[in-house]
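Peer 1: My structure is below; once you've seen it, I'll send some questions.
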Amino acid sequence: MGAAFSALAKNFILLGKSNMKKIALCLVLASLYGTSHASSLSIESLSAEFAVNNYDGQPKEVTGAKKAGNFGILMASGAGTFTATYLGNESSYLDGFRFVLEGKELNEANVLGKSISKQVTGGVVGFQFFDSKGAVFNNGEVSGAALGFAFLKDRSGSSFAESNKYGTFQYLLGFNDSYKGDADYDDYVVGVNFVSTAVMPLPVTAVPLPAALPLLASAVGMLGVVMRRRKVALADA
């Protein structure tokens, strides 16, 4: 029994050494499950692109001319911090932007570049534009020429990203208030950004085991049996 035990233990050690690197690699790959990837902003129900006319005044001085836009709903794929920055207005009414539940607001009395932020958990990002005549437009409603906001672009086919002296923004939102319905989308303009705080599991991918790993597991089991029998034999001696 002693000789058999010694031989088995020796083989187990040799097998363990030869496969240690492979086993360690498997453990590292397995630990990657659960690693996070960032949530982000996106536009749902994106409309066909349309021409934006007469975008001018203070917003144009800050962002440059905007010639095109799309309607849509601003969504977050997970948790994060959503920030809106005031970039100008050109309107007859007094307009603004607010987070209703959080009680935070931007309006025309603010200095350019002022920002407000909120935590979101995913889904439709909660915010609204408003004017001094009582008109309110919430993200998620259907925009139009008479009332709503557009995701603005420099020109047809260009990206939504915006950079100016107040920062770099993922999207530029231009509000058209209820005055005249002139569809210039410069009545109140904000740039928005999102920083993810989400922890989301990566897709599960099967990790192939080293061919010798089942044999190693079997050897461990056999070694345990031998050790238990040897302990019993010694106790009975």
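Nothing in this text is a laboratory measurement; each read-out follows from the coordinates by a stated rule. Given the structure is predicted, the values throughout are model-derived calculations rather than measurements. Ideal geometry is used to build each Cβ from the backbone, glycine not excepted, and the neighbour counts take in all protein chains shown.
Peer 1: Could you go through the stretch 113-120 in sequence order and give the Karplus-derived ³J(HN,Hα) for each residue, using 6.51 cos²θ - 1.76 cosθ + 1.60 with θ = phi - 60°, rounded to whole Hz, and x for Gly and Pro?
Peer 2: So the J values, rounded to whole Hz, are x, 5, 10, 10, 9, 8, 8, 10.
Peer 1: Dipole size in debye (nearest 20) for the stretch 41-196 around its Cα centre, Lys and Arg Cβ +1, Asp and Glu Cβ -1?
Peer 2: Using Cβ point charges on Lys, Arg, Asp and Glu, the stretch 41-196 gives about 340 debye.
Peer 1: How large is log10 I(q)/I(0) at q = 0.10, 0.13, 0.19 Å⁻¹ when the Debye formula is applied to the Cα atoms of the stretch 41-196, each weighted equally and without solvent?
Peer 2: Debye intensities relative to I(0), on a log10 scale: -0.29, -0.50, -1.19.
Peer 1: Highest mean first, how do 135-144, 186-195 rank when packing is the count of other Cβ atoms within 10 Å averaged over residues?
Peer 2: 186-195, 135-144
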